[in-house]
Amino acid sequence: MLSKTMEDALNRQINRELYSSYLYLGMSAWFETQNLKGFAGWMLVQSGEERNHAMKIYDYVVARQGTVRLDAIEAPKAKWSSAGKIFEEVYAHEQKVTGMIDALVELALKEKDHATFEMLQWFVKEQVEEEANAVTICEKIKTVGDVPGHLFMLDHELGKRK
Ligand code: FEO
């Protein structure tokens with residue numbers, strides 16, 4: 001059984017993961033307007049992953065006989081100035097998410113909630129990967145130049161993500 005504090009915190013994280021999904025879907029839509037189909041596809045896959053993150057916590061709350069509460073999802077912005085700016089924002093966003101996961105881990109420790117602590121370890125590892133992916137793409141964009149005409153090869157590479 002989850003404590004009320006932990007249940008509330010997990011429900012908030014479900015909302016933040018769904019916001020991440022929505023944010024990356026918005027970024028995908030913006031890349032479509034720039035005719036950067038590979039970037040758009042990469043973001044679409046990322047958006048799907050974020051929904052899976054939300055569902056992982058959702059399933060866990062249900063399994064612990066908790067109550068899932070779905071709040072309104074904040075609208076993301078719709079315009080960005082370049083691919084590089086988007087990936088800088090992705091990196092900053094993922095660092096923020098890492099902080100949220102760390103706070104949940106600390107709460108689980110404080111409450112001696114070992115099951116939630118264990119469930120969160122998947123997210124701790126995932127955040128290392130999420131931040132690394134964003135930084136790698138930021139660096140690649142810097143190397144080739146943050147203008148659509150220079151991003152053709154990278155667009156092709158990112159488009160391979162399934
Ligand atoms: Fe669900 Fe990108 O962290």
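The values are calculated or read from the model by the stated rules, or taken from the named source; none is laboratory data. Being a predicted model, the structure only gives us computed values, none of them experimental. A quick note on method: Cβ atoms are made from the backbone with ideal geometry, for glycine too, and the neighbour counts reach across all protein chains shown. Heads up: the accessible areas ignore ligands, DNA and RNA and are worked out on the full protein's heavy atoms, side chains in. Shrake-Rupley method; radii C 1.70, N 1.55, O 1.52, S 1.80 Å.
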Review point. Among the candidates THR5, THR98, which residue alone is polar (S, T, N, Q) and closer than 27 Å to ILE137 by Cα?
Key: THR98
Exercise for review: Quickly run through region 97-123 and pick out the residues that are open to solvent by 40 Å² or more (accessible area, probe 1.4 Å) and within 10 Å of the ligand (Cβ to nearest atom).
Suggested key: MET100
Check your understanding: Which condition breaks for VAL135 when tested against (1) within 21 Å of LEU151 (Cβ to Cβ); (2) open to solvent by 40 Å² or more (accessible area, probe 1.4 Å); (3) in contact with a Pro (Cβ under 7 Å, 6 or more places away or on another chain)?
Key -> (3)
Point to revise | region 69-85, residues that are of a type in the set (Gly, Ala, Ser) and either within 16 Å of the ligand (Cβ to nearest atom) or at pLDDT 95 or above (or both) | key: ALA72, ALA75, SER81, SER82, ALA83, GLY84
Study note, to complete from the structure: The condition from (1) within 25 Å of LYS162 (Cα to Cα); (2) within 13 Å of the ligand (Cβ to nearest atom) that GLN13 misses is numbered (1)
Practice item. Please work out which one of (1) open to solvent by 20 Å² or more (accessible area, probe 1.4 Å); (2) more than 30 Å from MET153 (Cα to Cα) is the condition GLY41 fails and give its number. Key: (2)
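Among LYS85, LYS56, LYS79, which is within 30 Å of VAL144 (Cβ to Cβ), basic (Lys, Arg) and part of a helix (DSSP H, G or I)?
Answer to the selection: LYS85.
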Exercise for review: Inspect all residues belonging to region 33-53 and state whether any of them is within 16 Å of the ligand (Cβ to nearest atom), touching a residue at least 40 places away in the same chain (Cβ under 8 Å) and touching an Asp or Glu at 6+ places or on another chain (Cβ under 8 Å).
Suggested key: yes
Review point. Taking region 59-76, which residues are part of a helix (DSSP H, G or I) and surrounded by 14 or more Cβ atoms within 10 Å (Cβ to Cβ)?
Key: TYR60, VAL61
Point to revise | One residue from GLU126, GLU88, GLU94 being charged (D, E, K, R), open to solvent by 80 Å² or more (accessible area, probe 1.4 Å) and either away from the ligand (no atom under 16 Å from the Cβ) or modelled with pLDDT of 95 or more (or both) | key: GLU88
Point to revise | Residue satisfying condition, being open to solvent by less than 10 Å² (accessible area, probe 1.4 Å), of a type outside the set (Val, Ile, Thr) and modelled with pLDDT of 95 or more, within set LEU2, LEU23, LEU18, LEU36 | key: LEU23
